[in-house]
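This report refers to the structure that appears directly beneath it.
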Amino acid sequence: MSLDRPDDLAAVALAVSFVAVLAVVTVTDLDRRVIPNRTLAVGALACLAIVAAADPGTLPERALAAAGAGGFLLLGAIWDRPGMGMGDVKLAA
């Protein structure tokens, strides 16, 4: 993949941000069985800034997708399925 275009750089920046957040979340969850809100908020803001700078026209679509995924898992968490907690909902959104 060539990194000549801004879209390519934005895709790489999003991927690096995503992996960094997942690494912190994984280590924290395995250690304390908690998904930290602060880490997710920083990751979400970083990704929001990257997308807003690279492709602002996709923000409404991405927000709708996040709300849909989070809402779907929220129904499962409310339904009291064993093994699914609010951390799963936060990660999906």
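The values are calculated or read from the model by the stated rules, or taken from the named source; none is laboratory data. None of the values given here were measured: they were computed from a predicted structure. Side chains are part of the model used for accessible areas, which takes the heavy atoms of the whole protein and leaves out ligands, DNA and RNA. Shrake-Rupley method; radii C 1.70, N 1.55, O 1.52, S 1.80 Å.
Taking only DSSP H segments of four or more residues, each worth -39500 (n - 2.57), what value at 222 nm results for the chain once the sum is divided by all its residues, to the nearest 500 deg cm²/dmol?
The per-residue figure over the chain is -26000 deg cm²/dmol.
Length gained on full extension, Ala41 to Ala65, computed as 0.36 nm times the residue gap minus the Cα-Cα distance: 6.9 nm. When both region 71-93 and region 11-25 are represented by their alpha-carbon centers, they are found 22 Å apart. Whole-Hz Karplus values for region 36-44 come out as x, 4, 4, 5, 5, 5, 5, x, 5 Hz, taken residue by residue from phi with 6.51 cos²θ - 1.76 cosθ + 1.60 and θ = phi - 60°; glycine and proline positions read x. For region 71-76, backbone phi angles converted through the Karplus equation (6.51, -1.76, 1.60; θ = phi - 60°) give residue-by-residue couplings of x, 4, 6, 5, 4, x Hz, Gly and Pro being listed as x. Looking at region 8-93, the accessible area is 69 square angstrom per residue; that uses a 1.4 Å probe and ignores ligands, DNA and RNA.
How large, in percent, is the carbon and sulfur part of the accessible surface of region 52-93 at a probe radius of 1.4 Å? Answer for region 52-93: carbon and sulfur cover 68 percent of the accessible area. For the chain, the longest principal axis of the C-alpha atoms and the axis of helix 6-32 are separated by about 20°.
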